[in-house]
1. Of the residues that sit in segment 1-40 and are in contact with a helix residue (DSSP H, G or I) (Cβ under 7 Å, 6 or more places away or on another chain) and either surrounded by fewer than 14 Cβ atoms within 10 Å (Cβ to Cβ) or more than 15 Å from E81 (Cβ to Cβ) (or both), which one is modelled with the lowest pLDDT?
2. Could you please let me know if L25 is under 22 Å from A92 (Cα atoms), of a type outside the set (F, W, Y), assigned to a helix (DSSP H, G or I) and in contact (Cβ under 8 Å) with a residue 24 or more places away in the chain?
3. How many of the residues making up segment 87-98 are under 13 Å from A132 (Cα atoms) and either acidic (D, E) or modelled with pLDDT of 90 or more (or both)?
4. Are any residues in segment 91-140 of a type in the set (A, V, I, L, M, F, W, C) and more than 23 Å from K56 (Cα to Cα), and if so, which ones?
5. Would you mind stating whether L43 is buried (at least 18 other Cβ atoms within 10 Å of the Cβ), assigned to a loop (DSSP other than H, G, I, E, B) and either touching a Leu at 6+ places or on another chain (Cβ under 9 Å) or in the same structural domain as V137 (by TED's automatic domain parsing) (or both)?
6. Taking the criterion of being in a helix (DSSP H, G or I) and β-branched (V, I, T), would at least one residue in segment 79-86 satisfy it?
7. Among the residues of segment 53-74, count how many are free of Cβ contacts under 8 Å to residues at least 40 places away in the same chain and either buried (at least 18 other Cβ atoms within 10 Å of the Cβ) or under 18 Å from D133 (Cβ atoms) (or both).
8. Just checking, how many residues over segment 38-66 are more than 22 Å from A76 (Cβ to Cβ) and out of contact with any Gly (no Cβ under 8 Å at 6 or more places or on another chain)?
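The values are calculated or read from the model by the stated rules, or taken from the named source; none is laboratory data. The model shown is predicted, which means the values in this text are computed figures rather than measured ones. Quick reminder, even Gly has a Cβ in these numbers, built from the backbone with ideal geometry, and neighbours come from all protein chains shown.
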Amino acid sequence: MLAQQIDNDRLAAMKAREELKLSTLRMLSTSIKNAQIAKKAELSDDEVLKVLRTEKKKRAEAAEAFTKGNKPELAAKEKEEEAIIEAYLPKAMPDEELIAIVSKVITEGNFTEASQFGQAMSAAMKEVAGRADGQAVQAKVKELLK
């Protein structure tokens, strides 16, 4: 399981004295444990991936805020943490595949107007099922629903 892999890597980082990786993996382990407590059960790998995506998004937003706030050293740290988290996520879906899926959803759902964006977006996110970033899906849906 993915949660077990993160714990194993956390122990390895501790032994290797990799401070940034260790602190990042501790934070991930805590987030996963909090999600397990909230669910009152073990998390599946898909649920762990959802936690990881949330944490990755937090790091990206923090890095952007630090960059805007003229704090490049803090932004760099957030980006490094984001890279560590990204290593546990599946590779992003290629653009061609994403376009094909969104096109199929729009055609099958008979979405023709921009006012149907919400419905098209919902259907596309179900079809993509976590294999692509929500912002990328949103951009393709907007592009194809003109």
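1. Checking each candidate, the answer is M1.
2. Working: under 22 Å from A92 (Cα atoms): yes; of a type outside the set (F, W, Y): yes; assigned to a helix (DSSP H, G or I): yes; in contact (Cβ under 8 Å) with a residue 24 or more places away in the chain: yes.
So L25 passes the test.
3. First, pick out the residues of segment 87-98 that are under 13 Å from A132 (Cα atoms): 89-98.
After this cut, where a residue has to be either acidic (D, E) or modelled with pLDDT of 90 or more (or both) as well, the list is 95-97.
Going through segment 87-98 one residue at a time, the tally reaches 3.
4. If we filter segment 91-140 for residues that are of a type in the set (A, V, I, L, M, F, W, C), which is where we start, we get 92-93, 98-102, 105-106, 111, 114, 117, 120-121, 123-125, 128-129, 132, 136-137, 139.
Matches in segment 91-140: I99, A100, I101, V102, V105, I106, F111, A114, F117, A120, A123.
5. Details: buried (at least 18 other Cβ atoms within 10 Å of the Cβ): yes; assigned to a loop (DSSP other than H, G, I, E, B): yes; either touching a Leu at 6+ places or on another chain (Cβ under 9 Å) or in the same structural domain as V137 (by TED's automatic domain parsing) (or both): yes.
Considered against the rule, which asks whether it is buried (at least 18 other Cβ atoms within 10 Å of the Cβ), assigned to a loop (DSSP other than H, G, I, E, B) and either touching a Leu at 6+ places or on another chain (Cβ under 9 Å) or in the same structural domain as V137 (by TED's automatic domain parsing) (or both), L43 comes out as yes.
6. Going through segment 79-86, the residues in a helix (DSSP H, G or I) turn out to be 79-86.
Still in the running and β-branched (V, I, T): 84-85.
Yes, the conditions are met somewhere in segment 79-86.
7. Of all residues in segment 53-74, those free of Cβ contacts under 8 Å to residues at least 40 places away in the same chain come to 54-74.
Filter again for either buried (at least 18 other Cβ atoms within 10 Å of the Cβ) or under 18 Å from D133 (Cβ atoms) (or both), leaving 54-64, 66.
Residues in segment 53-74 being free of Cβ contacts under 8 Å to residues at least 40 places away in the same chain and either buried (at least 18 other Cβ atoms within 10 Å of the Cβ) or under 18 Å from D133 (Cβ atoms) (or both): 12 in total.
8. As a first pass, look at segment 38-66 and keep what is more than 22 Å from A76 (Cβ to Cβ): 38-51.
So of that shortlist, the ones also out of contact with any Gly (no Cβ under 8 Å at 6 or more places or on another chain) come out as 38-45, 47-48, 51.
The qualifying residues number 11.
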